[in-house]
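The values are calculated or read from the model by the stated rules, or taken from the named source; none is laboratory data. A quick note: this is a predicted structure, and the numbers were derived from the prediction, not measured. Quick reminder, even Gly has a Cβ in these numbers, built from the backbone with ideal geometry, and neighbours come from all protein chains shown.
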Amino acid sequence: MSYNPLPQPANVVVNTGIGTSAVSAINPFPTTVDNEVSVSGVANTINVSANKPLPIELANNFQLDLFGRLKVSQPYTIFDNVNRYDLDGQFSDVILGAGSTVGIITAQSTVSLGIGTTAGCSVIRETKRVFPYLPGKSLQVLQTFVFNPAKANLVQRAGYASSENGVMLERNGSQVNIIKRTGISGVGTTVSVPQSQWNVDKLDGTGASGITLDLSKAQILFTEYEWLGVGAVRVGFINENGNAHIAHIFNHANVLDSVYLTTATLPCRYEIFNTGITTSSSIMKQICISVQSNGGYEKKVSEKIVRRTSDTTVGTSFEPLASIRLAPGREDAVVLLKQFAVLPTSTDGDFFEIAVIKNATLSGVGWTSTDSPNVQGDISASSLTGGTIVYHSYVVSANIGVFGGSAALPISTDIDYNWDFQLGRTQAKVSDTYTLAARVLTGTGNIIGSLSFFDLT
């Protein structure tokens, strides 16, 4: 149900039997009326009283989640993206053709996806992380963007999708569609719903909202997923007044004989490409993204561990102790780093610097299975170069008469997941890595360590 506000200025009349009263948003319904009264100026005249109250309906089903529950909780943010000064490193880009580029428009905090005029030019931009759907909670995705004005042979898309599964808004030439990709048969297929067939509001000026969609202007696209394998998907837009308008609903329960997507754990994705020669170069603007779980994220799992069983000697350069990555063929798993633990074993009072390094290049690496089939670990790499330090600490080993320290520092907990430490992957399915590394400030020292992680797949 939703709330249909009374009009302003007033055109709803309450007849109390001893007179009439105009009612509006600024002239509320009289509360001193005891007898049954009639209300006109709405679709139908209805009688109300203290024992027969005025019925209230929600004007916009966006105020309910896809399980029919009124949205009263704070949304739980799994991912957000802004581009204030530079390109966000959380994306994987595939860029093809002359004139195709991905750049930053600093003054607009916007990413530009530009392509040239030749056939086959394209930019496909996708988040490296996929975002977990929790059964029983609706997943809400908000994306802001500006499409290039329509032209022949130009296709533009934005949505929550991979190349195999998900839902996207599409402009193909001048035709506007909502498309659903599904890989449930083992082969990717696409269902395309043109704007003229949207089943809630066609947004062409004839629908309930009266709005005409102009994709050459900035848009706030929302998609909501009730997966459970067979739930619904709502697609719509938020207008300049902050009101959400559902355009189309894909319904699947009691309709299909299988799931409608292989998974609802997907990335956010933007596509712009030429199917033939175009009259001029084209630019799509990507602005912001927010991925939210309505009602929180409460999945609890036990931690898994990659650990050394004997100490190793390190020098003054960082050397790897333990590493993790997504297992081949499981690159869309949801895996978060939990914590690292180290214990210096030398007895010389050595000072150690400890770091967790993302995407270091490892030498002598030997990836092996872990307690999770979705993750591989390594404890045999002999050296590393590059990468980005994402977590850091210091510890000291014991000395004669001096207490030495160990460290076990949490990065995520099962109460507060740190989604920034989720393993991602490129569109080519190359996994991120996290490596626990150590070095001493002078000389050499002995140390042992482990990495632990949550697998929320």
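Observations, loosely collected:
- Within the set V123, V155, the sole residue that is surrounded by fewer than 20 Cβ atoms within 10 Å (Cβ to Cβ) and either in a strand (DSSP E or B) or modelled with pLDDT under 95 (or both) turns out to be V155.
- Scanning the stretch 361-387 for residues that are assigned to a loop (DSSP other than H, G, I, E, B), among the polar types (S, T, N, Q) and over 12 Å from A327 (Cα atoms) yields S380, S382.
- So V301, is it closer than 30 Å to T370 by Cβ, part of a loop (DSSP other than H, G, I, E, B) and either modelled with pLDDT of 95 or more or touching an Asp or Glu at 6+ places or on another chain (Cβ under 7 Å) (or both): yes
- The one condition from (1) out of contact with any strand residue (DSSP E or B) (no Cβ under 7 Å at 6 or more places or on another chain); (2) outside any loop (DSSP other than H, G, I, E, B) that N241 does not meet is (2).
- Checking each residue in the stretch 187-209 for being assigned to a loop (DSSP other than H, G, I, E, B) and under 13 Å from F237 (Cβ atoms) picks out W198, V200, D201, K202, L203, G207, S209.
- Only one of the listed residues (L221, L228, L261, L203) is within 21 Å of L139 (Cα to Cα), at pLDDT 95 or above and in the same structural domain as I179 (by TED's automatic domain parsing). That residue is L221.
- Answer residue from the stretch 279-293, given it is over 19 Å from D420 (Cβ atoms) and buried (at least 21 other Cβ atoms within 10 Å of the Cβ) and is nearest to the chain's Cα centre (by Cα) among those: Q286
- Hits in the stretch 340-371 (condition: touching a residue at least 60 places away in the same chain (Cβ under 8 Å) and under 16 Å from T433 (Cβ atoms)): F340, A355, V356, I357, K358, N359, A360, L362, T370
- The one condition from (1) in contact (Cβ under 8 Å) with a residue 40 or more places away in the chain; (2) under 24 Å from T444 (Cα atoms); (3) under 37 Å from the mean Cα position of the chain (by Cα) that L337 does not meet is (2).
- Members of the stretch 358-386 that are more than 21 Å from A333 (Cβ to Cβ) and buried (at least 17 other Cβ atoms within 10 Å of the Cβ): A381, L384
- Taken as a whole, the condition of being over 23 Å from I448 (Cα atoms) and in contact (Cβ under 8 Å) with a residue 24 or more places away in the chain applies to S280.
Matching residues to (1) modelled with pLDDT under 80; (2) of a type in the set (V, I, T):
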{"site": "I400", "(1), (2)": "yes, yes"}
{"site": "F403", "(1), (2)": "yes, no"}
{"site": "N418", "(1), (2)": "no, no"}
{"site": "A428", "(1), (2)": "no, no"}
{"site": "L436", "(1), (2)": "no, no"}
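- Exactly one residue out of V141, V167, V187, V230 is without any contact (Cβ under 8 Å) to a residue 40 or more places away in the chain, among the aliphatic types (A, V, I, L, M) and surrounded by 14 or more Cβ atoms within 10 Å (Cβ to Cβ): that is V230.
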